[in-house]
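One structure is given below, encoded as structure tokens.
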Amino acid sequence: MSGQGPQRRLLGSLNATSPATPHFKLAANQTGPRCLEVSIPDGLFLSLGLVSVVENVLVVAAIAKNRNLHSPMYYFIGCLAVSDLLVSVSNVLETAVMLLAEAGALAAQAAVVQQLDDIIDVLICGSMVSSLCFLGAIAVDRYLSIFYALRYHSIVTLPRAWRAISAIWVASVLSSTLFIAYYSHTAVLLCLVSFFVAMLVLMAVLYVHMLARACQHARGIARLHKRQHSVHQGFGLKGAATLTILLGIFFLCWGPFFLHLSLMVLCPQHPICGCVFQNFNLFLTLIICNSIIDPFIYAFRSQELRKTLQEVVLCSW
């Protein structure tokens, strides 16, 4: 768990910034400029992680409990919840280990600590890759359900869904292992950034196309009721707002982390880029926040899932 800077471990040193200090402060960069550093207290980071864990566990439990939810769409949502769960658990685990080590409560040999760091880093990287993959899979599934509605159930079958899910998990584990093993190579960072850009473009294209089709459908209905302008305009504004929120949250939560990786390739020694590097903890916190928001976007909007979730919560008391 090495120190801060462009040469550190790809996903290590989660608490490189000062713990439990004021939330905003000006920090002097190594080469002179004063940088705005957003310090995330350890307690806040751990609390957000635990909230994400509880939320996503409930989503997985609800999908597992209700057989009506045993369909490809909900399996993709459940796998996204598992990925978000692993993102939170791995980050919380590494933070807890570092806090215990700093407090002297965790006595272990350097080799053991290094192996534990490697395992946690693979888990973090793999869960991030799988989370992005399942976000893309959900977008593709919704696209097929709209544009190939009559053939959807013959295209997206359970066996095909399970094969896609298995391929995503295997690819995530293998890629994360390679990324951590060769973290010092520029190609690794470029692959990660390219993957994020590809997922962003895929989701943007699919959701914009779906919005266009929905607006076209609303326009046709409006013509039948001779209320074309008002209905179509209202639906278009609502759809555009929903699309903006969905893609905006995705970009806001994931973008800064991959900007960090991009700058590690483009300007690892530049003072201004160094100011960005100092906020690495903030970028990981935003990813945790995305794990908290995902259930509200993809899972809790389902009335069937909400009903099952209530049963799960009531049974647990």
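What the table below lists for this structure:
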| quantity | calculated |
| --- | --- |
| Surface accessible to a 1.4 Å probe, His185 within the full protein complex, Å² | 100 |
| Heavy-atom accessible surface of segment 37-99: percent carbon and sulfur, 1.4 Å | 75 |
| Added length on full extension, which subtracts the Cα-Cα distance from 0.36 nm per residue, Phe300 to His153 | 50.6 nm |
| Which of Val59, Val53 is most accessible, then next, and so on - probe 1.4 Å | Val53, Val59 |
| For Cys35, distant residues with modelled amide H under 5 Å away | Ala27, Ala28, Asn29 |
| Around Ser52: net Lys/Arg minus Asp/Glu count, Cβ-Cβ under 14 Å | -3 |
| Positive minus negative residues near Val173 (Lys, Arg vs Asp, Glu; Cβ under 14 Å) | -2 |
| Accessible heavy-atom area order of Trp169, Trp254, Trp162, highest first, probe of 1.4 Å | Trp162, Trp169, Trp254 |
| Average accessible area per residue (Å²) across segment 115-162 - probe 1.4 Å, nucleic acids and ligands excluded | 44 |
| ³J(HN,Hα) computed for each position of segment 260-268 - Karplus, 6.51 cos²θ - 1.76 cosθ + 1.60, integer Hz, glycine/proline x | 4, 5, 5, 5, 5, 8, 7, 8, x |
| FRET E, pair Ile119, Gln310, Förster distance 41 Å, beta-carbon r, rounded to 0.05 | 0.65 |
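The values are calculated or read from the model by the stated rules, or taken from the named source; none is laboratory data. Since the structure is predicted, the reported quantities are computational estimates derived from the model, not experimental observations. Reconstructed Cβ throughout: ideal geometry from the backbone, glycine too, with neighbour counts over all protein chains shown. The area values use the complete protein model at the heavy-atom level, side chains included, leaving out ligands, DNA and RNA. Shrake-Rupley method; radii C 1.70, N 1.55, O 1.52, S 1.80 Å.
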